[in-house]
Amino acid sequence: MQSITLGHYLPGDSFLHNLDPRIKLLCLLVLIVTLFLVRTFWGFMFFGVFIILIFSASKLPWRYFLRGLRPVFFIIFFTLILHFLFTDGGRVYLRLGPLTVEEAGVFMGTFMTLRLVLLVITTLLITLTTSPISFADGIEYILRPFRRLGIPGHEIAMMMTIALRFIPTLMEESDKIRKAQMARGADFETGNIFRRARNLVPLLVPLFVSAFRRADELAIAMEARCYRGGENRTKMRELHTRPRDYLGLSVSLGMMLAILFSGV
Amino acid sequence: MSNILELKNVSFDYFLNGETALRALDDISLTIKKGEYIALIGSNGSGKSTLARLLNAILVPTSGEVWVDGLLTSREEHRWEIRRRVGMVFQNPDNQIVATTVEEDVAFGLENLGIDSSQISRRVTEALERVGLSSFRHHAPHLLSGGQKQRLAIAGIIAMRPRCLVLDEPTAMLDPRGRREVLDTIQRMNRQEGVTVVHITHFMEETLEADRIVTMDRGKIVQNGKPEEIFNGETDLYQLGLEIPVLLRLNRILRSEGLDIPANILNLNDLVNILC
Ligand SMILES: Nc1ncnc2c1ncn2[C@@H]1O[C@H](COP(=O)(O)OP(=O)(O)OP(=O)(O)O)[C@@H](O)[C@H]1O
Ligand SMILES: [Mg+2]
């Protein structure tokens, strides 16, 4: 329970781990665009090999590869089924009553599935190798130019930091409340899903009350320490780009251009 | 010595649902000199926390004036300078730690002040050393003990180099060991660095280390003097919802039994020396 973090960061010391978070976010953007430029299965294969190479170079355990796909499994599955059944065109492979599985459907279904899978894995590659805190830093920097358009980059990053800070505290607390309520005879483990959901109320109400109180106190403590938003604020850890960062960005851009101009 | 904090006829009302006012502080005047160690005591709801919040412009008085080092808290343009000069430590250590690592939490206030990064690192190192947390620099705050968390909160404040430290029941949630750690840190700051301390507490034993004790009751200051004056038995502390420290109670009992010892012993070792 205690070890849950956002985005499942796996600390390590690889090329990807050590990239500047801003550059990593840019690379992710470029690679996502690249995925939408792919037109053939050859393109996906090329991209897939590229990702697999990076994945193994980052010394990430392979089981994370599959584990990362688990939350989106249903989306992928439905994409596949819907295309198989409802996209028409070309040869008919199979008849299931009024529904048919046709050539175009199989093609589109597989194509979309591959795109989704690669999208998830590419994102996973970044989240697995970036600590949530440097992620927040990166987001703050990247969103800075959009401040004028009303995008609150600093606030988003601060919210992420505070969430990360308080997740373990609130988990500990919910554990305590759960035990206290169980001692009074509350039951969190039996019954059907609705019953169990209702039984969570005595857990959630005190948890929310306390979270609001904490938020209140934290706000005052922050103000007392001269916090007044992102303006004129400095950072202890400044981000610096190094040659490796430009290399990483060039590789991603190279990937995009290769796919764009080869037409695969 | 000059005054660092000066309250002149300060009253403060909380407005509940806009209409009804609750008078939390009633015409308080108090001056605190540079380098003093003040203990502020009083029963629940007597207005201690409210007073503390007036000292660094988190609240501004409904009437009267609060001066900090020559700056007026009700002036908007003085607010941030006042908050830099008067650091606040609160009761619950969990709810004042902002960042996910110890060093970054200490840096938080410095980042807010716009200090540049190389200097921030230096000051963080220094502050962690002073509270004895250097070896925890890269730890996550939730893995620290209560006393360590509270010392981290103090480090975050002293890194900003305040002239005054206001602590609102900093030891209330700690075990005896954590309390000792925190009290030692506060005392060191006061004795060695000359930082003025306003220490709010419910533990009478903690007040014995102060230069001066201020007691409050229902929004008013009722006593203001040296520990030996406060505990000499002339005013009834029980009536104010307060207790006499165990050491002094023992002293009184021994004296009433006919032992010849001075009434103003505030230190366990002194008492032992006299008795044995
Ligand atoms: N935010 C608020 N809104 C309304 N009334 C408040 C608020 N905070 C405190 N009060 C009231 O003001 C009075 C003084 O409260 P304060 O918190 O200053 O007391 P305290 O001496 O710090 O008490 P404790 O020892 O319990 O911390 C109390 O009657 C309290 O109910
Ligand atoms: Mg209080």
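The numbers here are math on the coordinates, done by the rules we state, and not lab data. On a predicted model such as this, the values are computed, not experimentally measured, just so you know. Cβ atoms come from the backbone with ideal geometry, glycine included; neighbour counts cover every protein chain shown.
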Here, residue B:77 and residue A:77, labelled 7 Å along Cα→Cβ, have an inter-label distance in nm of 6.7 nm
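Quantify how strongly other chains surround peptide B:113-125 by giving the mean number of their Cβ atoms within 10 Å of each of its Cβ atoms. Numbers along the way, then the final one.
Details: counts 6, 5, 2, 4, 5, 2, 2, 5, 2, 0, 1, 1, 0.
Taking all residues of B:113-125 together, the mean is 3.
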Across B:102-112, the residue-averaged tally of Cβ atoms belonging to other chains within 10 Å stands at 5
The relative contact order of chain B, taking Cα pairs under 8 Å that sit 6 or more residues apart, comes to a percentage of 22 percent
Summing -39500 (n - 2.57) over every DSSP H run of at least 4 in the protein assembly as shown, dividing by its residue total and rounding to the nearest 500, the 222 nm mean residue ellipticity is -16500 deg cm²/dmol
Mean-square fluctuation maximum in Gaussian network of chain A, Cα pairs under 10 Å, restricted to A:49, A:209, A:72, hits A:209
For residue A:176, counting only lysines whose alpha-carbon sits under 23 Å away and dropping same-chain residues fewer than eight positions off, the answer is B:149
Once the dipole of the stretch A:21-262 is set up from charges on Cβ (+1 Lys and Arg, -1 Asp and Glu), the residue from the list A:109, A:151, A:21 lying farthest towards its positive end is A:21
Restricting to aspartates and glutamates and to Cα separations under 15 Å from residue A:179, and discarding same-chain partners fewer than 8 apart, the set is A:187, A:189
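Within chain B, what's the longest run with no GluC sites (Glu not before Pro) in a DSSP loop and at most 12 other beta-carbon atoms within 10 Å? Give the range, please.
Values: sites that count: B:19, B:234, B:257.
Counting only loop sites that pass the neighbour cut-off, the longest clear stretch is B:20-233.
Roughly speaking, what % of Cα-Cα pairs in the protein assembly as shown are separated by over 40 Å, rounded to a whole number? Spell out each step's value before the answer.
Numbers: 62781 of 145530 pairs.
Everything past 40 Å amounts to 43 percent.
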Partner shielding of A:17-26, taken as the mean number of other chain Cβ atoms within 10 Å, equals 0
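Taking neighbour Cβ counts within 10 Å as the exposure measure, how do B:31, A:129 sort from fewest upward? All intermediate terms of the calculation are to be shown ahead of the outcome.
On the way: B:31 14, A:129 24.
With the sparsest Cβ surroundings first, the list reads B:31, A:129.
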Listed by chain and number, the lysines with an alpha carbon less than 20 angstrom from that of residue A:235, same-chain partners under 8 positions apart left out, are A:24
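What percent does the relative contact order of the stretch A:21-262 come to when contacts are Cα pairs within less than 8 Å and at least six residues apart? The partial results should precede the final answer.
Working: 181 pairs, mean separation 65.5, N = 242.
This gives 27 percent for the stretch A:21-262.
At a Förster distance of 41 Å, what's the computed FRET efficiency of residue A:63 paired with residue A:209, Cβ-Cβ distance as r, to 0.05?
Details: r = 39 Å, r/R0 = 0.96.
Result of the calculation: an efficiency of 0.55.
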